[in-house]
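The values are calculated or read from the model by the stated rules, or taken from the named source; none is laboratory data. The structure displayed is predicted, hence computed values, not measured ones. Positions of Cβ are backbone-derived with ideal geometry, glycine not excepted, and every protein chain shown enters the neighbour counts. For the accessible areas, the whole protein counts, side chains as well, though only heavy atoms, and no ligand, DNA or RNA atoms are used. Shrake-Rupley method; radii C 1.70, N 1.55, O 1.52, S 1.80 Å.
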Amino acid sequence: MPSFTFNHNNINVFDLEKSVAFYKDALGLEELRRYKESSGAFELVFLGDNATTHRLELTWLKERTEPYNLGDNEMHLAFTVDNYDEAHAMHAEMGCICYENPTMGLYFIEDPDGYWLEILPKKK
């Protein structure tokens with residue numbers, strides 16, 4: 001079997017610049033690459049954490065006029081943080097925490113499009 005490695009995940013976003021700012025402010029992700037389709041029909045922004053090769057691709061579609069319907073929103077991305085308490089306090093101040101499970105030691109934040117992002121403490 002050929003060897004596969006993770007490359008990126010993609011989500012569609014309604015307001016590209018608002019989403020790029022959120023992912024930078026809430027998770028420290030940096031814009032690594034941007035692709036603007038020649039007709040202007042769509043734009044892609046690849047974000048990364050400068051620690052792994054994994055990327056988050058944000059796709060903006062010009063013709064989109066309504067926010068995305070995420071259904072039951074059962075899909076999520078997970079992030080590990082080195083200082084869980086500091087991250088929790090920052091996200092609480094930002095007002096983006098949408099669910100907490102203290103028993104499991106995790107919480108979720110919600111991005112501008114309603115996607116949930118799991119925040120986990122780094123294992124020691």
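In this structure, is residue 70 open to solvent by less than 60 Å² (accessible area, probe 1.4 Å), in a loop (DSSP other than H, G, I, E, B) and either among the aliphatic types (A, V, I, L, M) or modelled with pLDDT of 95 or more (or both)?
Spelling it out, residue 70 is indeed open to solvent by less than 60 Å² (accessible area, probe 1.4 Å), in a loop (DSSP other than H, G, I, E, B) and either among the aliphatic types (A, V, I, L, M) or modelled with pLDDT of 95 or more (or both).
Scan the stretch 34-54 and report the pairs whose first residue is under 14 Å from residue 6 (Cβ atoms) and in contact (Cβ under 8 Å) with a residue 40 or more places away in the chain and whose second residue is in a strand (DSSP E or B) and open to solvent by less than 80 Å² (accessible area, probe 1.4 Å), with Cβ atoms within less than 8 Å and a gap of 6+ or a chain change.
Pairs that qualify, where the first residue is under 14 Å from residue 6 (Cβ atoms) and in contact (Cβ under 8 Å) with a residue 40 or more places away in the chain and the partner is in a strand (DSSP E or B) and open to solvent by less than 80 Å² (accessible area, probe 1.4 Å), are 54/8; 54/9; 54/48.
Taking residue 53 as meeting all but one of (1) within 23 Å of residue 87 (Cβ to Cβ); (2) surrounded by 12 or more Cβ atoms within 10 Å (Cβ to Cβ), write down the number of the exception.
(2)
Of everything in the stretch 86-113, what is at pLDDT below 95 and among the small types (Gly, Ala, Ser)? Give them in sequence order.
105
Please pick out the residue among 86, 63 that is exposed (fewer than 11 other Cβ atoms within 10 Å of the Cβ), under 20 Å from residue 107 (Cα atoms), free of Cβ contacts under 8 Å to residues at least 60 places away in the same chain and not basic (Lys, Arg).
Going through 86, 63 in turn, the sole match is 86.
Restricting to the stretch 38-50, name every residue that is surrounded by 15 or more Cβ atoms within 10 Å (Cβ to Cβ), farther than 11 Å from residue 11 by Cα and within 16 Å of the chain's Cα centre (by Cα).
Answer for the stretch 38-50, where residues must be surrounded by 15 or more Cβ atoms within 10 Å (Cβ to Cβ), farther than 11 Å from residue 11 by Cα and within 16 Å of the chain's Cα centre (by Cα): 47, 48, 49.
Given the conditions (1) open to solvent by less than 60 Å² (accessible area, probe 1.4 Å); (2) under 16 Å from the mean Cα position of the chain (by Cα), and given that residue 76 satisfies all but one, which numbered condition is not satisfied?
Evaluating residue 76 over (1) open to solvent by less than 60 Å² (accessible area, probe 1.4 Å); (2) under 16 Å from the mean Cα position of the chain (by Cα) leaves (1) as the failure.
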